[in-house]
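Beneath this line is the structure, given in structure tokens, with notes to follow.
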Amino acid sequence: MSGTAWAAGLLGVAALAWVLAARRASLVLWTTAIAIGLALWMLTAPAHAALAIVWGVFLLLAFALNIPPLRRRFVSDPVLKIFRKLLPPISDTERAALEAGSVWWEAELFRGDPDWRRLCDIPAPCLSEAEQAFLDGPVEQLCAMLDDWDITHIRRDLSPEAWRFIKEQGFFGMIVPKEHGGLGFSAQAHSAVVMKIASRSVTAAVTVMVPNSLGPAELLLHYGTEEQQRHYLPRLARGDEVPCFALTGPEAGSDAAALPDRGTVCRGMFAGRETLGIRLNWEKRYITLAPVATLLGLAFRLFDPDRLLGDKEDLGITLALIPTSTPGIEIGARHFPLNVPFQNGPTRGRDVFIPLDGVIGGRDGIGQGWRMLMETLAAGRSISLPALSCGAAKLAARATGAYARIRKQFKLPIGKFEGVEEALARLGGYGYLMDAARTLTARAVDLGEKPAIASAIAKYQLTEHMRRVVNDALDVQGGSGICLGPRNLLGRAYQALPISITVEGANILTRTLIIYGQGAVRCHPYLYRELQAAAEPDPVRASKAFDDAFTGHIGYTLSNFARAFWLGVTGARFVRVPFKGVTRRYAQQLTRLSAGFALISDCALLTLGGALKRREKISGRFADVLSFLYLASAAIKRHEDDGRPPEDEPLLRFACEYALHQAEKALVVILKNFPNRFLGWLLGGLAFPTGRHFHPPADALGHAVASLLLAPSTARERLTAGIFVPEGEQDALGRIEAALPRVVAAEPHERALHALIEENPLLHGDLEAQLTVALRRGVLNAGQAELVRVAAIARAGVIAVDEFGKGSL
């Protein structure tokens, strides 16, 4: 055989292997295709001893790998032994956390080959007539009666009228089904309600969202007995009961599974007779609504030292519902979280006795508390904090964009300065990205998912971007942003930022441990199955299960190598996506980064194994990649659902280019810090064969986005839709809304006045004198002069800050 023929044959086999890997072909298909390829090679090339060697090696591997008993004995069983040695111990609580909830679209992105048709086919979010009527009626009414300065500075609480209205209108029962007297709203409606209220008052939004998030109602719906549901759900829906849920304590914050609060099974007196029940002792803090709660949800560890319920002494984490009037409960004291006075405080219990039917789920619920919490948190985290974050972001974009047009310095609106324009572009682009992720994640809940990873992404990324957006808004507003008072729209939101960052899983923990730590196990197509096989005590079942998963994992890894390199070389231009226009190219580019992520992530898992759990810098960067892939795909979905409005294209482009850049940057930093430097270099060459391609949004694009915020437009309305915009000019946002069109209408006439002042410096600072001269000289007519006069009055009303007399604060 000539050297050319030999090389051509090898190249052909390699090309065939590459195609099979890229297509994620089965082992049988691999074997058949390679056999055909070798046969063709043999027929077209002269006989040679080397060819016989190749055939011999192929047949040996084909038999060993395609006959399951042989494959298990010589390949997968030895690997299983090594895998078990390397696998870190997994506690019951860790296992419950890993298994909680479901995975959804984020798993497609994790695996490197997202099915865009699946995303495209998800129905666009919509509200029912009843839900829209509630938003347009009771929610608008509640927002109109809220005075945030009165709430935060004077009362340090909602007004009695607001509390009464919230209860009477069923705000506490949004998630309670109609058959139990609740509103039975969708997750989308729940999110929309919280978002609108949050744009008016963080205190009110938290008050409304907590009973509808992780708490007694949610837990009762999924795990309560029929009797518990019949008794409590109607009372919660009517506001007869104010609920809270107590999990966090002094010694158990992020490590909530380590809670020291104890319950002991024993006999005691309840309602005048001896009853089998639980004696509880606890100390909790940071519990929202605890100071005013009438119904306490409690997480504790239950023990049965006398074995009254069975053979076990440690029964595990358990949840119970306890009326706060029960003897031994201490409640009512308040914390004061950063001047945002929603009801939050500690609760303690000393020798509190409850009957066993106080356990959520009754006796069947004993020891199931951690699983209940993990599963319900996945759904609740999808809605409340993302909605609150979007409310703040939309308010910041609408108010600050208008303020930047109204406020002038150096005879120009400050929004025309490039430094301010940069901040405005982020307000618009981040706001678009955030709202897209909010609606997509809420949609997952409405489709029956409990999206554990997507909810963590939404909670982490949207609260972090809220922090950036509000900071940018205050930078633009300058002195008026830092002077608190009734005129200040964002001061309390700024103060509240760390609260959202901290609650429902602190962001550092969410990023480093949940998004990728849990995501790697749940989103990876084979890792969870391998873990289950390794934990299987039956050796036969373990061997078969691990063999099946491990064989698939090898094919998956080979596919990642082939796909990442091909998509890197071609720029993913041949990837089929069901989109047209600008979204088509962004979906292709996301597919490319998804494939690179899948390759690098899988190699990190294979080389670091259980140690990756402790390499939180690396896992956090993987979380960033997955997060930004999810956010960008949400932006694409939103643009498609909106009908691809051309006016919104700058927002879409800014959002996607920002997310692509951040995802690529995180992958590059991972490779720079990869523990195995050679492997990191090799993976970089495969994932980025032509170098880096994604850059931050261009200045021209930022200008286009900022311009959308500086004047009334349909794009501005869509971007900020769903927040409360008051009628009239009594409120700060109402004054800004009224002033914006007046200022825009007056601008060309104000420029004429500027030229007049240049000729007559003595007119500087005296508007009426300027208008008089302008009218006399014919520079302006009476109507134009009135436009300038009205705009000046409106501008003064917007830029004014609050003043307080001596001793009035």
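The values are calculated or read from the model by the stated rules, or taken from the named source; none is laboratory data. These numbers come from a predicted model, not from an experiment. Positions of Cβ are generated from backbone atoms using ideal geometry, with glycine treated the same way; all protein chains shown enter the neighbour counts. Remember, those area values only see protein heavy atoms, side chains included, never the ligands or the DNA or RNA. Shrake-Rupley method; radii C 1.70, N 1.55, O 1.52, S 1.80 Å.
A few comments on the model shown:
- Annotation: amide H of Met174 within the under-5 Å range of Leu183, sequence separation 5 or more or interchain, hydrogens built in the peptide plane.
- Of all DSSP beta bridges in segment 177-306, antiparallel share, percent nearest 5: 60
- Net charge in the neighbourhood of Asp624 (other residues with Cβ under 15 Å of its Cβ; Lys, Arg +1, Asp, Glu -1) is +4.
- Only Cα pairs under 8 Å and 6+ residues apart enter the sum, and on that basis the relative contact order of segment 433-589 stands at 14 percent.
- Per-peptide packing, taken as the mean over residues of other Cβ atoms within 10 Å, places 121-127, 603-609, 297-303 in the sequence 297-303, 603-609, 121-127 from highest down.
- Measuring how big segment 638-705 is from its alpha-carbon positions, Rg and Dmax come out at 16.1, 47 Å.
- Pairs exceeding a 20 Å alpha-carbon distance, out of Lys312/Lys450; Lys394/Lys459; Lys81/Lys544; Lys613/Lys665; Lys167/Lys196: Lys312/Lys450; Lys613/Lys665.
- Each other residue within a Cβ distance under 13 Å of Phe172 adds +1 if Lys or Arg and -1 if Asp or Glu, for a net charge of 0.
- Hydrodynamic radius of segment 335-461 per Kirkwood, over alpha carbon pairs, in Å: 18.5
- In segment 668-769, the portion of solvent-accessible area held by carbon and sulfur atoms comes to 59 percent [1.4 Å probe, whole percent, DNA, RNA and ligands not counted].
- Over the chain, relative contact order from alpha-carbon pairs under 8 Å, at least 6 apart, %: 15
- Packing-based order for 702-710, 199-207, using average beta carbon neighbours within 10 Å, highest first: 199-207, 702-710
- Relative contact order of segment 654-782: 16 percent, from C-alpha pairs under 8 Å at least 6 residues apart in sequence.
- Among 271-281, 615-625, the peptide with the highest mean count of other Cβ atoms within 10 Å heads the list, and the full ranking is 615-625, 271-281.
- Cβ-Cβ distance of Leu70 and Arg573, R₀ of 51 Å, FRET efficiency by 1/(1 + (r/R0)^6): the value works out to about 0.75.
- Pairwise FRET efficiency - His222 versus Glu759, Cβ, R0 = 56 Å, nearest 0.05: 0.15
- Dividing the Cα radius of gyration of the chain by its Kirkwood radius returns 1.05 for Rg/Rh.
- Here, P(r) means the percent of Cα pairs in each 5 Å bin from 0 to the largest distance; for segment 595-716 it is 2, 11, 18, 18, 15, 11, 9, 7, 5, 3, 1.
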